[in-house]
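The values are calculated or read from the model by the stated rules, or taken from the named source; none is laboratory data. Predicted, not measured: the structure shown is a model, and the values here were computed from it. Here the Cβ positions follow ideal geometry from the backbone for every residue, glycine too, while neighbour counts run over all protein chains shown.
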Amino acid sequence: MKEDFEVENSVQGLLVQLIHNYHRLSFQELGEIGVHPGQLPILKTLSCRGGLSQRELANILHIKPPTVTVTVQRLEKAQLVYKQQDREDQRISRIYLTEKGESIISSLMGIIRSNEERLMRGFSDSEICLMRRFFQQMIENIAITEEDEKKNKEEWFRLK
């Protein structure tokens, strides 16, 4: 029996292709100014709200603390961020952009704007609005699924 479902032309397959191509483009452009695409969320967050702890960054960005630790270490090595102990609680280190880090933020935002324009070329404003709505719905669908799976696992362990 022949499958009617073709992965390459499915929404999921096309989304994977889009993400792969966008990541490749971003990796190349950001690499030219010494930034890895995975570092961008931390840099952007610190440009808006400097002085956050690693735990606060992890919570804001919904990423695991060890990921933040490794990324911050790499950003420190690249001299884009620095740590400073909290004045009130010496156990906490606050993270700030260096002058070099602050100076590349406008370049980073320029790359993001340029890539967004490139992605949206040929789409009307209403199509872009609709696309955003579709993406938001997909994100919500995945979030609901993850929560439901967690509840189901917890329930299964209680019954066991």
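When A58 is tested against (1) small (G, A, S); (2) closer than 16 Å to V35 by Cα; (3) under 16 Å from the mean Cα position of the chain (by Cα), just one condition goes unmet, and that condition is (2).
Table: residues versus (1) of a type in the set (S, T, Y); (2) farther than 27 Å from E8 by Cβ; (3) touching a residue at least 40 places away in the same chain (Cβ under 8 Å); (4) not in a helix (DSSP H, G or I).
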| residue | (1), (2), (3), (4) |
| --- | --- |
| F27 | no, no, no, no |
| L30 | no, yes, yes, no |
| I63 | no, yes, no, yes |
| R74 | no, yes, no, no |
| Q79 | no, yes, no, yes |
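In the stretch 127-138, the residues that are under 13 Å from L15 (Cβ atoms) reach residues that are among the hydrophobic types (A, V, I, L, M, F, W, C) and assigned to a helix (DSSP H, G or I) with C-beta atoms within less than 9 angstrom, at least six apart or across chains, in these pairs: M131/M120; M138/V11; M138/L15. So for the stretch 45-56 (the condition being farther than 16 Å from V81 by Cβ, in contact (Cβ under 8 Å) with a residue 24 or more places away in the chain and of a type outside the set (G, A, S)), does at least one residue qualify? No: zero hits. Reported count of residues in the stretch 84-108, each being without any contact (Cβ under 8 Å) to a residue 40 or more places away in the chain and out of contact with any Leu (no Cβ under 7 Å at 6 or more places or on another chain), is 12.
Among the candidates I63, I19, I42, the residue that is in the same structural domain as S93 (by TED's automatic domain parsing), at negative phi and in contact with a Ser or Thr (Cβ under 7 Å, 6 or more places away or on another chain) is uniquely I42. Scanning the stretch 103-137 for residues that are surrounded by 13 or more Cβ atoms within 10 Å (Cβ to Cβ) and either in a loop (DSSP other than H, G, I, E, B) or hydrophobic (A, V, I, L, M, F, W, C) (or both) returns I104, I105, L108, M109, I111, I112, L119, M120, I128, M131.
If you go through the stretch 74-102 and keep only what is exposed (fewer than 12 other Cβ atoms within 10 Å of the Cβ) and either within 21 Å of the chain's Cα centre (by Cα) or within 18 Å of L40 (Cβ to Cβ) (or both), you end up with just K77.
Given the condition part of a loop (DSSP other than H, G, I, E, B), closer than 21 Å to G110 by Cβ and either under 16 Å from the mean Cα position of the chain (by Cα) or not acidic (D, E) (or both), answer yes or no: does some residue in the stretch 36-48 qualify? Checked against the condition, which is being part of a loop (DSSP other than H, G, I, E, B), closer than 21 Å to G110 by Cβ and either under 16 Å from the mean Cα position of the chain (by Cα) or not acidic (D, E) (or both), the stretch 36-48 yields at least one hit. Scan the stretch 120-140 and give yes if some residue there is modelled with pLDDT of 90 or more and among the β-branched types (V, I, T), otherwise no. Yes.
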